[in-house]
Each structure stands twice: as structure tokens, then as C-alpha cells.
Amino acid sequence: MKEFLKNKIITAAKSLIHDFDESSFPYKIVIEKPRIPDHGDLTTNIAMVLAKKFGKPPRTIAEDLISKLEIDKTYFKKIEVAGAGFINFFFTQKYFYERLKEIISSGDKFGSSNIAKGLKTQVEFVSANPTGPLTVGHGRGAVLGDTIANLLEWTGHNVTREYYFNNAGRQMRVLGDSVRLRYLELTGEPIDFPEDYYQGDYIKDIAQHIFEEYGDSLKNQTDSEFFKQQAEKEIFDDIKRTLKRLDIEFDVFFNEKSLYDDGSVQDVVNILKSKNLAYEKDGATWFKATALGGEADKVIIKSTGEPTYRLPDIAYHRNKFQRGFELIIDILGADHIATYPDVLAGLKALGYDEKKVKVLIHQFVTILQNGEIVKMSTRKANFITLDELIDEVGADVVRYFFLMRSMDSHLNFDLNLAKNQSEENPVYYLQYAHARIASIIRYAESEGAALKHVPNFELLDKPEEIQLIKQLEQFPDIVESCAQSYQPHLLAEYLHDVAGIFHKFYHLYRVVSDDKSLSSARIALCIATKTILKNGLRILGITAPEKM
RNA sequence: GGGCCCGUAGCUCAAUUGGACAGAGCAUCAGCCUUCUAAGCUGAGGGUUACGCGUUCGAUUCGCGUCGGGCCUGCCA
């Protein structure tokens, strides 16, 4: 509808100005749904934008434009000039009834589209190394990543969910040593547990499992490799289990080590050197980031011969391009903010279009417990695990909590509040609306009043009914814009509004009554609302219960 | 010192990406269940959008500056 109208308006504008060229205007011409319902169903600012060029008042231009518009009266009730020169369009109810019919016939698929035409897309998220359980901080990235992937799937992207990890670094060596020490402790050896080892109880659990299986037969093993491998396996299983509870599954787990094994890392170094974008200094190898507009050159291989994280990261992203991904999305926490410019510069240096990589940074989650900020560190084990959080409030609440805010706002998670008020959590507002509709439909069926024939939508003429249809009708636009801007929280807000308008409708009017035709029209409206809530919640990864 | 994010109601956060009168939840107060789910609905109070200047027909949104908070800023990942 938007596109249709835009073409009409531009045609009208062209008949007024010969050399009409949209791109020549200083401000953007937009057609959008106004915030305030009184301002119509769609509105445009075109008259204001044209005013300066024309040297006429916006309102006059608006009048002229309207007189030139050729528009079908069956879908447009009224077109008016308002405010500073907005042109407001009012649709007929007939238009909305047709949209309602479409929602019902499309059902589970309503809101999905093929806009991206199968664009090969990768979403990389979580990517926590297996050194400990996922924290609440990881949770935000996990839920955001999965939901953005859902949104992209709904808009026709061919999505691969990928988890990148490194099990070869110093962190992992320390992990193995930590487990070995705890194991020795169990065999009765006196130990001195260093402060910078992993302090968490989960280390003791892993050691306990090893002890149960092997007794003290590994007592004299000085190499920690075995312990490391056991720890990695157990921790990874744990991570996957936690993600599964949030309904998150990955298509690919990509190990950094494979980039060394297949020579990719060395390739990158060679290519950079051949392009004269890498050089040796002080025994280290440097990436000449300054040649590409970077602030300073960066070390990619230390004088010890060990690469810094930048090098494999660049090799990894090169690998993503080599696998043919056309859109590459990285979801990172704010602590990684400094790393991605180097990676992008590296890709550019290798000749890839770094604009295909979208780096989405989400801000931190601050945990408040008893009114105090809990500082998070896996090493010190003073973190709240994601698992514990799910235990406390449930997966639906966790997902909704992380999705209801924009990713660049710092998030305060008050644990006491989340526990105490979990029953008043806003997610229940949405789920309750869905369950309530399910209940109404069950009741209608038991009364034999269910949808038997094509309902007469014209009977839905109450303001709240129209308002509800208008709200539902926007769902595809919302999905599309959320996907395009990578902002799931807008969908959460939208669904909250849907639920609110429905609840209001419910309290004002009876759905199932003696009036059979009216009942069946209203049941249809309920079914459409349920469809939107269900589809929306599915994208957010939140269950839509039939009963509560 | 430099970079990124943030500052909006008592608290936690929105605001269709520059639109018309800045909105929700929680908290507070007052109402609504013998009829389809009261995890709901209706109403009230609560704001100089941190502050200043600028761009614009129009600024919570863009630019510059000041103040305040978080995160980065390593030959750690």
C-alpha cells in the first residue's frame, strides 16, 4: 500500500514539476503511519519538503498535489491537508476488511516474506570459549542473535547460525590446570590453588566426575591436556544444554584451530605481506592498519611467534566470505568493541567488501542483587549463570527481558525484582492475551458458534474493532523493518500493543453472543489476533500458551 | 588523553530512525468479576527529554561544547 501510494504521489508531483527528482531534495520524502490515529492511516511530508524549492507555502502545495492525485475511491475514504502541510490519507473500512481476510487465510505464514530472496546469511553469536558456564551477559547476545536470525528467516534470508570458539589458547590451558589441581585435591594430595585459576565450583564438579571414573589412576599425570579435554567436553555440553533451554540451536560450531590446520592463518599473513600491508618490527609481525585509515598499526604475530587474536579473527571472516555468505552478522558484547575495526580493515586489505559484515554490539547487562552491582568474571566465579537465571524466572521471561530493550541500552537486571515480580512480568501480558483468545475460541466451539461460513466483516464497525484490525494489519511491515534494522525490541513493543488493544476490545464487547453473524465475525477477529500474537511470539522464541 | 554506548516520569525502559500532543510496565491512589480467562480493564497523579549553542518548516532523534555513568584503548581473548 505504501509503495502504491508513493508512486501515485510522485506521479502527481511530476505533473506539477517537470524536473522532479527525488534525490535532489535536501530532506527525505517519507510515507509512514502517523503516531496519532486522528492523523490518518498514512501520511506524507512531501509538501513540506517541496515548499522551499517551490517558493509556496506547504499547505498550498499539498492542495495542488491532492487535486492531481488519481486514486481509487474504494480504498480511500478521505485525503486531507493538516498541520504544517502533512497530507493525511484515510483508508476505507473495506480495505481493512480485506487485510483481515488475508491474515486469516495466510495463518502461520502471515508476516513472512521473501524480500531477501534467499540471501545467504550468517549470524554468528554467543561464541564464548568453553571455559565455564554461560553468564547472564552471554544470554543477551544469545537471545538477540537467535531472534535476529529468526527475523531474517521470516524475511527470506537463508540463515546459518554459527558459534565460533577457541579451545587452544592460554585460557584453556589454565582451565586444564585448574581441573587437574582439583582432581589432585580429591585424591588427597595437598594443593595450593592459585588465585588466577578458575575458581568456580563447576571445576570441582568436573574433577569429581573424572575422579569417579578413573579413581586416582591419573594422579601422576603432569600434563593437563586430558583434563582440559574433559573440561571442554563437559562445559560445552553444559553450554549447549543451556542454549537448548532457550530454544537456541546452532547449525555450525566453528573451531579457531581449524584455521591453523588448513593454513588459512598463514595465508592471510602471506597475502598481507605480498600486498605490502604487513611488516616485521621488533621481532613481531605488524598489520599496516594505518595504510587503510586505521589509527595505528597492529601486531598480528607476537615476537614469541604466537598470533594475536586479530589474525585468526581476520582469517575466520575471510573464511566466511569464502563459504559464500552474502550477509555476515556478528553479534558482540560491548567489550569487543575495539576488535572489530581491525577485522574489517583486514578484510578490506584482503580485497573483500567489508560492508557485507554487520557488527551489532549490544551493551552490557548489569546484575543487581540486593541493590548491589555484581561484577561479572568467569575466572573469579562471581557471575550469575544463565542457567540459574532460567531456573529463577523461566526461559520465556529471560528471552523477553533481553528482547524488550534496544541492544544499545545498558540493561539493569535486578535479580530480586525478577524473582519477586516474575508473575507480573510483561511477557505474561502477551501470553495471557493469546491464552485468553484460545479460551474464547474453545468456548465458541462448545457453543457451536465457531466459524462455519465466511463471516460478514462489515459487522466489525466498532472503533475498537477497527483499531484492532489496523494494528494487526501492520505486522508484515513491522517484521520487515525489525529485520532490516536488526531491532527485535520493536516487535516486542508492537506485540504488547496488539495485546493491549485486544484486552480493551474484550472488555467492551462480547465475542460469543446470540447474534450468530456478529459472533462469527468477532471470532474471526479473535482468530486473526491470535495468529499475529502466535507468529510474533514465535519470532521472539517465546511460547504462545493455549491455557494459563 | 583517544574511541564507542548511554543520560527521557520515583524505578526499569520506549518513541515508527527528523514529524504533529514524548509513551508503556512497575510503584502510589480510586473504581470494575452471578455472562467468553481479573496474569485483565477504566481513571488519577507524575516530564524544562542532563545542560548550553547550532542546523531545520519541525529536534528526544542530527552537529559542536559542558557535566555525569558504562565499556574499550596490550606483543591478553
Which members of the range A:517-548 meet the condition of being exposed (fewer than 14 other Cβ atoms within 10 Å of the Cβ) and either away from RNA strand B (no atom under 11 Å from the Cβ) or among the small types (Gly, Ala, Ser) (or both)? A:517
Search result, residues across the range A:277-295 that are closer than 24 Å to residue A:169 by Cβ and either crowded, with 18+ Cβ neighbours inside 10 Å or at pLDDT below 85 (or both): A:278, A:285, A:286, A:287, A:289
Got a sec? Which of A:484, A:421, A:474, A:467 is modelled with pLDDT under 95 and within 7 Å of RNA strand B (Cβ to nearest atom)? A:421
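Let's see how each residue does on (1) under 25 Å from the mean Cα position of the chain (by Cα); (2) under 24 Å from residue A:239 (Cβ atoms); (3) without any contact (Cβ under 8 Å) to a residue 40 or more places away in the chain:
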| residue | (1), (2), (3) |
| --- | --- |
| A:306 | no, no, yes |
| A:310 | no, no, yes |
| A:327 | yes, no, no |
| A:339 | yes, yes, yes |
| A:345 | no, no, no |
| A:352 | no, no, yes |
| A:358 | yes, no, no |
| A:369 | no, yes, no |
Of the numbered conditions (1) at pLDDT below 90; (2) within 27 Å of residue A:488 (Cα to Cα), residue A:359 fails exactly one; give the number of that condition. (1)
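Give the range A:388-413 a look and list any residue that's more than 7 Å from RNA strand B (Cβ to nearest atom) and acidic (Asp, Glu), or say none. Reasoning before the result, please.
In the first step, residues of the range A:388-413 are kept if they are more than 7 Å from RNA strand B (Cβ to nearest atom); the result is A:388-403, A:407, A:413.
Passing the criteria: A:388, A:391, A:392, A:396.
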Can you find, within the range A:316-366, the residue that is surrounded by the most Cβ atoms within 10 Å (Cβ to Cβ) among those that are within 13 Å of RNA strand B (Cβ to nearest atom) and of a type in the set (D, E, K, R)? A:342
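Starting from residues that are in a strand (DSSP E or B) and either among the hydroxyl-bearing types (Ser, Thr, Tyr) or over 30 Å from residue A:304 (Cα atoms) (or both), keep the ones in the range A:237-280 and report whichever is farthest from the chain's Cα centre (by Cα).
At the first step, the residues of the range A:237-280 found to be in a strand (DSSP E or B) are A:252-255, A:278-280.
Next, from what is left, pick out any that are either among the hydroxyl-bearing types (Ser, Thr, Tyr) or over 30 Å from residue A:304 (Cα atoms) (or both): A:252, A:279.
Details: A:252: 18, A:279: 40 Å.
It comes out as A:279.
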Within the range A:209-264, residues touching a Pro at 6+ places or on another chain (Cβ under 9 Å), over 29 Å from residue A:301 (Cα atoms) and buried (at least 20 other Cβ atoms within 10 Å of the Cβ) come out as A:235, A:239, A:242
Farther than 30 Å from residue A:311 by Cα, buried (at least 21 other Cβ atoms within 10 Å of the Cβ) and aliphatic (A, V, I, L, M): is that true of residue A:151 in this structure? yes
For the range A:32-65, what are the residues that are closer than 20 Å to residue A:3 by Cβ and in contact (Cβ under 8 Å) with a residue 40 or more places away in the chain? A:33, A:34, A:40, A:41, A:42, A:43, A:44, A:45, A:46, A:47, A:65
Residues (of a type in the set (Gly, Ala, Ser), part of a loop (DSSP other than H, G, I, E, B) and within 21 Å of residue A:388 (Cβ to Cβ)) located in the range A:183-236: A:200
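The values are calculated or read from the model by the stated rules, or taken from the named source; none is laboratory data. Keep in mind that this is a model prediction, so the values were computed, not measured. Reconstructed Cβ throughout: ideal geometry from the backbone, glycine too, with neighbour counts over all protein chains shown.
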